[in-house]
Amino acid sequence: FLHSVSQIKNGFFNAPPPEGPEDEYKNVAIIGGGTAGYLTALLFKEKYPKMQVTLIESSKIPVIGVGEATTPEIRSFLFGVLKFSAHEFYEKVKPTWKLGIKFFWGLPGDYYFNYPFGWPDVKSSYVADGDINNSSLTATLMDQESSFVVAANDGRGLQQYSTLSDDLFYALHLDNVSFINYLKIKAQEKGIIHIDDLIVDAERKVDSDELAAVIGETGRRHVYDFYVDCTGFSSLLLGKTLKSEYVSYDKSLFCDTAIVGNIPGVKKIKTYTYAESMDHGWCWNIPMRGEDHRGYVFSSGYCSIGEATDEFLRKNPEIRNPGIVRFKTGRHREICIGNVFAIGNSFAFVEPLESTGIHMIITEAKRLVNNFSELKRSPALRKKINTDINDNWDYLRDFLAIHYKFNKKFDTPFWKDCRALTDVSGIQDMIDLYHEVGLLSCANKSLVRMINSSIKDVIFGLVGFDVMMMGQGEIPKNFDRSVRNQHIWKSNVETWKAIRSLTVPVDKDLDILNEYLESRW
Ligand code: FAD
């Protein structure tokens, strides 16, 4: 009894008294139950199964809730690091497959280009066809909206199915709400403590950057060693309490609002995300099973919400339930202050033009959890993580900025300003090299090493840079058209097209793939 009274006096309402070395954090509370909160909690529990991990969220504040496109990293994280059963995941969350992004972007007219995952050979494709749309097997499949389930006759009149999934680099489209519901179940199974409370305040330790407690709306004190701020755009701990300065990206990225809506009753499920230029921004399409999730990201400096809604509905008359999301683009100066680390929208946000939100959550969560045992004793480590993550985000800003700077599709005031004013100074050296030396992914090894060591890219690679420049019709001034072994390239393309001709229609592939996965996992 005495022991528990002293615990209450000391405020140890939820966490047991810490045991173990004094210079390590012993327990952790994650504030926020969106994608960032649950993925971080699950990663903590995976890495430190004995640690007390608590997730506090408020059922009064909804999650973002839109369809989310991802990068291939999601699969290795869910099925490799977190060890989820792929079969169970497909059954419960019902994702769709994503081979890349189709950009209706760059040049006037019906023009589009494919940005497939993997390592497309844009040079050979461009030299052969004058575009980059068949730069890999993945791109070839995207080009004709083909699935990646292949059907062949077994010679006895029976159809046999196999999938190209082992040979392709692909990602998933997820419904945010189904995804989080699934993560909640996994968190419960793993013993993560769940508390529903609206956090309204935080107490700081005397003369320290550290937090002593967070306070719920009924006055309840939640006391832990370490706090992860996953409160989304409100950035309750990092931004509001610890006042980490906000570094805006608004000189490079002008959009600040999205109208989101669904198109029900869609039978054909596309195997890619698409991004289409609009008068004052761009529109995404994320295919879910039975419906498409669509959103118009625009700049309120160039049109009102009413004007943007009119354009969105005029171009997509089937949209149901349009809703508005306001956002700002940028990051905080520090991701980690004292015993607080922010993950997800509470630290940084850029529009989903390259589907990078969840990728960055995973990057941040890994950085925290993999370094957690040294974090308390090493300010230098905290500083290093801050610098590194900031550089990752700044490269992301610059990479997105080239999507605006070089897009020549429309001549509206928004796009004219994008071409004239978008700040690409962070990536100007790569743009100059591209024009003067040629495709960066084809540069000599020493130059590739030099560029890679100067940028903090965790997603795209130099080939991603080349795709975005070539795709938008920016051909290097010194474009070297010579292709070694052109006959091999031609036969590759023939093979890819032959494989494509065997694929089943996209509206059938999910059922077949589910059955196939069931037999494998
Ligand atoms: P949220 O989902 O907002 O979750 C915040 C959580 O914090 C909620 O559980 C809430 O209850 C809790 N909370 C907040 N305040 C308190 C409080 N005071 N007390 C207790 N709990 C609190 N990412 C992609 O990877 N792909 C995409 O295609 C994509 N599309 C997007 C489109 C739009 C329009 C927007 C805005 C974002 C998009 N994102 C996308 C990014 C996406 O938001 C994030 O990847 C992801 O959903 C992470 O959100 P979060 O967990 O940081 O925040």
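The values are calculated or read from the model by the stated rules, or taken from the named source; none is laboratory data. Predicted, not measured: the structure shown is a model, and the values here were computed from it. Note that we place each Cβ from the backbone using ideal geometry, even for glycine, and neighbour counts take in every protein chain shown. Accessible surface areas use protein heavy atoms only, side chains included; no ligands, DNA or RNA. Shrake-Rupley method; radii C 1.70, N 1.55, O 1.52, S 1.80 Å.
Odds and ends about this structure:
- Of the residues making up the range 280-302, just one is part of a loop (DSSP other than H, G, I, E, B) and open to solvent by less than 10 Å² (accessible area, probe 1.4 Å), namely Ser299.
- Residue pairs whose Cβ atoms lie under 6 Å apart, sitting 6 or more positions apart in sequence or on different chains, and linking a residue in the range 195-209 that is near the ligand (Cβ under 9 Å from one of its atoms) to a partner that is among the acidic types (Asp, Glu), are Leu198/Glu217; Val200/Glu217.
- Those residues of the range 496-509 which are in contact (Cβ under 8 Å) with a residue 60 or more places away in the chain and open to solvent by 20 Å² or more (accessible area, probe 1.4 Å), in sequence order: Trp496, Lys497, Ile499, Arg500, Leu502, Thr503, Pro505, Asp507, Lys508
- Any chance Gly330 is over 18 Å from the mean Cα position of the chain (by Cα) and surrounded by fewer than 22 Cβ atoms within 10 Å (Cβ to Cβ): no
- Among the candidates Lys366, Lys384, the residue that is in contact with a Leu (Cβ under 9 Å, 6 or more places away or on another chain), open to solvent by 20 Å² or more (accessible area, probe 1.4 Å) and under 30 Å from Ala213 (Cβ atoms) is uniquely Lys366.
- In the range 220-250, the qualifying residues are those that are in a loop (DSSP other than H, G, I, E, B) and under 16 Å from Phe349 (Cβ atoms), and the one that is farthest from the ligand (Cβ to nearest atom) is Glu245.
- Listed by position, the strands (runs of 3 or more DSSP E) enclosed by the range 26-128 that each have at least 3 residues that are within 14 Å of the ligand (Cβ to nearest atom) and among the hydrophobic types (A, V, I, L, M, F, W, C) are 27-31.
- Annotation: of all residues in the range 333-348 being open to solvent by less than 10 Å² (accessible area, probe 1.4 Å) and in a helix (DSSP H, G or I), the one that is farthest from the ligand (Cβ to nearest atom) is Ser346.
- Among the residues making up the range 463-503, those that are of a type in the set (A, V, I, L, M, F, W, C) and within 14 Å of Tyr115 (Cβ to Cβ) are Val463, Phe465, Val467, Met468, Met469, Met470.
Table: residues versus (1) within 25 Å of Phe117 (Cα to Cα); (2) within 16 Å of the ligand (Cβ to nearest atom); (3) surrounded by 16 or more Cβ atoms within 10 Å (Cβ to Cβ).
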position	(1), (2), (3)
Val149	yes, no, yes
Asn153	no, no, no
Leu158	no, no, no
Leu164	yes, no, yes
Asp167	yes, no, no
Tyr170	yes, yes, yes
His173	yes, yes, yes
Phe179	yes, yes, yes
Leu183	no, yes, yes
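- Given (1) within 16 Å of the ligand (Cβ to nearest atom); (2) assigned to a helix (DSSP H, G or I); (3) of a type outside the set (Lys, Arg), number of the condition Asn321 does not satisfy: (2)
- Selection count, the range 441-458, where residues are surrounded by 12 or more Cβ atoms within 10 Å (Cβ to Cβ) and among the basic types (Lys, Arg): 1
- Selected residue (criterion: least open to solvent (accessible area, probe 1.4 Å)) from residues of the range 71-101 that are among the charged types (D, E, K, R) and touching a helix residue (DSSP H, G or I) at 6+ places or on another chain (Cβ under 6 Å): Glu73
- Residue within the range 468-480 that is surrounded by fewer than 18 Cβ atoms within 10 Å (Cβ to Cβ) and under 30 Å from the mean Cα position of the chain (by Cα) present: yes
- Members of the range 409-425 found to be part of a helix (DSSP H, G or I) and either in contact with a Cys (Cβ under 6 Å, 6 or more places away or on another chain) or surrounded by 17 or more Cβ atoms within 10 Å (Cβ to Cβ) (or both), listed by number: Phe414, Trp415, Cys418
- Filter pass, Arg326 being within 13 Å of the ligand (Cβ to nearest atom) and either modelled with pLDDT under 95 or of a type outside the set (A, V, I, L, M, F, W, C) (or both): yes
- Residue match in the range 145-160 (condition: at pLDDT below 95, among the hydroxyl-bearing types (Ser, Thr, Tyr), more than 19 Å from Thr356 (Cβ to Cβ) and over 22 Å from the mean Cα position of the chain (by Cα)): yes
- Residue match in the range 49-68 (condition: under 30 Å from Arg484 (Cβ atoms) and either touching a residue at least 60 places away in the same chain (Cβ under 8 Å) or of a type outside the set (Val, Ile, Thr) (or both)): no
- Residue that is modelled with the highest pLDDT, among those in the range 259-269 that are open to solvent by 30 Å² or more (accessible area, probe 1.4 Å) and away from the ligand (no atom under 14 Å from the Cβ): Pro264
- Screening Gly219, Gly191 for residues that are exposed (fewer than 13 other Cβ atoms within 10 Å of the Cβ), out of contact with any His (no Cβ under 9 Å at 6 or more places or on another chain), of a type outside the set (Phe, Trp, Tyr) and more than 21 Å from Leu43 (Cα to Cα) leaves exactly one candidate, Gly219.
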